Structure formats: structure tokens, C-alpha cells
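The values are calculated or read from the model by the stated rules, or taken from the named source; none is laboratory data. Just so you know, these numbers come straight off a predicted model, no measurement behind them. Cβ placement follows ideal geometry from the backbone for every residue including glycine, while neighbour counts extend to all protein chains displayed. What goes into the accessible areas is simple: the full protein's heavy atoms, side chains included, and nothing from ligands, DNA or RNA. Shrake-Rupley method; radii C 1.70, N 1.55, O 1.52, S 1.80 Å.
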Amino acid sequence: MNTISNIQKFLQTIDIKERFKNSIYNIIESYSIQGNIFTMDCNGNVLEMISGYFVEEKEYDNLNECVKDMNINKQAIRIIEDKFILGTLEQQLSLCDENKKVIDIQYLQYIRE
């Protein structure tokens, strides 16, 4: 039986995204970010990705819009200067969409452009 209503799930997701967004703002203000890729855990805590692949989906000028569109279960954000790139995380290159740009997270270099 589902004990949490859909409205509660939606509000929890908004809260998680808000915590993540605030943490990203704090990181941007405190450190020089050079293309790093960040995602979140189930509580909205920031995790920096160090392995796997990042498949670019969409670019934003605004962090608010980027986080708003983010799927909290499988997506991450790459920060380059004042641009925010939303993308999907994959552990295997064979699972990455062949028609999109793919970055090797460990080396922060494009495999497919």
C-alpha cells in the first residue's frame, strides 16, 4: 500500500530540488568550477561525479530553470562558467545515446561531440 500521496511526493521533490539548488549556489560562490558535474542523493545533498558518462541534454543560462527541469533520479548538472548543462548519467558507454554529446566524467573530456 502506498502511504504517501502524490501531492506529498511532489512537495518532497520540490524540497529536495530546492536544497540541491541552494547547495550548488554555495559551491559556485566558494569555489572556481571548471566543468565539474554534480548530482544529488535522495535527500538533495550534492554529490560530485567522478566516474561514468554524462550525456548532454539541454543547456541553460539559469540554475533555477535547470534544476526545475531536472529528474532527481538519473540526471546531473555540468557547470561551465555561467552555463548549466543538464544531462543523463550512465555507467556504460554503450547505454549512451549515440546522437548526443557524451563526456567521460573521470577525465572531463568529450568522447562524442
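Some values worked out for this structure:
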| read-out | value |
| --- | --- |
| Phi-based couplings in Hz for the stretch 74-83 (Karplus 6.51, -1.76, 1.60; Gly and Pro marked x) | 9, 10, 9, 10, 9, 10, 10, 6, 10, 10 |
| Between helix 6-30 and the chain: long-axis angle, C-alpha atoms, 0 to 90°, nearest 10 | 50 degrees |
| Probe 1.4 Å, accessible area per residue of the chain, Å² | 65 Å² |
| Amide hydrogen neighbours beyond the local backbone of Asn36, cut-off 5 Å, H modeled | Ile79 |
| Arg19, Arg78, Arg112, ranked by accessible area, largest first (probe 1.4 Å) | Arg19, Arg112, Arg78 |
| Heavy-atom accessible area order for Met49, Met40, largest first, 1.4 Å probe | Met49, Met40 |
| Label point distance in nm, Glu98-Glu18, each placed 7 Å from Cα along Cα→Cβ | 4.4 nm |
| Angstrom value of the Kirkwood radius, inverse mean 1/r, which spans all Cα pairs in the chain | 14.6 Å |
| Per-residue ³J(HN,Hα) for the stretch 61-66, Karplus 6.51 cos²θ - 1.76 cosθ + 1.60, θ = phi - 60°, Hz, x for Gly and Pro | 8, 10, 5, 4, 5, 4 |
| Debye equation applied to the C-alpha atoms of the stretch 56-95, log10 I(q)/I(0) at 0.18, 0.28, 0.33, 0.34 Å⁻¹ | -0.47, -0.92, -1.14, -1.19 |
| The stretch 27-79 - Kirkwood radius from inverse mean 1/r over Cα pairs (Å) | 11.9 Å |
| Computed E for Ile4/Gln91 - FRET, C-beta separation, R0 41 angstrom, nearest 0.05 | 0.90 |
| Share of carbon and sulfur in the accessible heavy-atom surface of the chain [1.4 Å probe, %] | 47 percent |
| Estimated [θ] at 222 nm from DSSP helical runs (n ≥ 4, -39500 (n - 2.57)) normalised by residues in the chain, nearest 500 | -9500 deg cm²/dmol |
| Under Karplus coefficients 6.51, -1.76 and 1.60, residue-wise ³J(HN,Hα) of the stretch 48-56 in Hz, glycine/proline x | 8, 7, 10, 8, x, 10, 10, 9, 5 |
| Charge dipole magnitude, Cβ of K and R +1, D and E -1 - the chain, Cα centre, debye nearest 20 | 320 debye |
| Length added when fully stretched, Gln109-Ile27, from 0.36 nm per residue minus Cα-Cα | 27.3 nm |
